[in-house]
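Remarks on the structure that follows.
The values are calculated or read from the model by the stated rules, or taken from the named source; none is laboratory data. Just so it is clear, the model here is predicted, and its values are computed rather than measured. Using ideal geometry, Cβ is built from the backbone for each residue, glycine included, and neighbour counts are taken over all protein chains shown. The area values use the complete protein model at the heavy-atom level, side chains included, leaving out ligands, DNA and RNA. Shrake-Rupley method; radii C 1.70, N 1.55, O 1.52, S 1.80 Å.
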Amino acid sequence: MAKDTITFELGGRVEIRDLENGIIAFRRLVAALTPRNAEVAWVVEDLQPGSTIATIRGESDDPQIVEKIVQDYERVGDTLANHEELTLYGTQAKNAAYAIVTITHAVEYVRFETSDDDYVIYGNGRIPAEAALTVSIGAVTGRVQTLSNRGGLRFNLYDTIHDKAVACYLSPGQESLMREAWGKQATVSGRVSRDAYTSRAIAIRQIMNVEILEEVPPGSYRGARGAVPWQPGYKKPEEVIRQLRDA
């Protein structure tokens, strides 16, 4: 898919002033990474309700310029995540990046996300003993939302366990998987990135399959019946439960 989106997340308990400072530093960093004479418009692609995740998309007549900016964003994230010096960038980019590092003193972490990878930055020079994210082949079930096909195909899946958005990135030629999928329950399988501490899915890449699930009518549980018909002389359920408890 087109490499034209970048995502910025503040993790943990986030006060509104930290959100404001984070978005300002994020905007400054993207502006510093964008060549001065490049005609690139960065538009808001997605804002997650109930969280502090923002995704923007670069629009330009020259997609290679946008891709180069996204790659630079990845390098900055990788460098900050490893607490290394930003030697390849100018003063404006460095100042914006280090402003983001400063914000990590107030929040739990900052996460950079692109269609290829995630980079988690912690404050106070802290690098977790264990990986902040785990990556494995798996599947996530949820409801498909914010489907977009501008320049590529990226969509959010609100998982049924945590009710949080999971960014899903399709590869070229997989557009047919998402026909009539918006708003429906689906199971998406692929390379799943998860928070190592909560197991919450963050993103799914290298998607192998999207299975649209049959909707369960509201109140259908009322039609449930026992597997074995009750007959006179059978023990009542509470009696069986009591026997099992007292065994």
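A count restricted to segment 22-47 and to residues that are out of contact with any strand residue (DSSP E or B) (no Cβ under 7 Å at 6 or more places or on another chain) and open to solvent by 100 Å² or more (accessible area, probe 1.4 Å) stands at 4. Of all residues in segment 58-76, those that are touching a residue at least 24 places away in the same chain (Cβ under 8 Å) and assigned to a loop (DSSP other than H, G, I, E, B) total 1. Of all residues in segment 166-209, those that are hydrophobic (A, V, I, L, M, F, W, C) and more than 18 Å from VAL135 (Cβ to Cβ) total 5.
Being out of contact with any His (no Cβ under 8 Å at 6 or more places or on another chain), open to solvent by 40 Å² or more (accessible area, probe 1.4 Å) and of a type outside the set (A, V, I, L, M) is true of GLY12. Check whether at least one residue in segment 62-78 is among the β-branched types (Val, Ile, Thr), surrounded by 13 or more Cβ atoms within 10 Å (Cβ to Cβ) and out of contact with any strand residue (DSSP E or B) (no Cβ under 7 Å at 6 or more places or on another chain), and report yes or no. Yes; the residues of segment 62-78 include at least one that is among the β-branched types (Val, Ile, Thr), surrounded by 13 or more Cβ atoms within 10 Å (Cβ to Cβ) and out of contact with any strand residue (DSSP E or B) (no Cβ under 7 Å at 6 or more places or on another chain). I'd like the residue in segment 77-101 that is touching a residue at least 40 places away in the same chain (Cβ under 8 Å) and not hydrophobic (A, V, I, L, M, F, W, C) and, out of all such residues, is nearest to THR52 (Cα to Cα). Here the answer is GLY77.
So for segment 32-46 (the condition being assigned to a loop (DSSP other than H, G, I, E, B), touching a Ser or Thr at 6+ places or on another chain (Cβ under 7 Å) and not aliphatic (A, V, I, L, M)), does at least one residue qualify? Yes, that holds for at least one residue.
Just one of the numbered conditions (1) closer than 26 Å to CYS168 by Cα; (2) polar (S, T, N, Q); (3) surrounded by fewer than 20 Cβ atoms within 10 Å (Cβ to Cβ) is not true of THR7: (3). Yes or no: segment 109-128 includes at least one residue that is over 12 Å from the mean Cα position of the chain (by Cα), farther than 24 Å from ARG17 by Cβ, open to solvent by less than 70 Å² (accessible area, probe 1.4 Å) and at pLDDT below 85. Scanning segment 109-128 turns up at least one residue that is over 12 Å from the mean Cα position of the chain (by Cα), farther than 24 Å from ARG17 by Cβ, open to solvent by less than 70 Å² (accessible area, probe 1.4 Å) and at pLDDT below 85.
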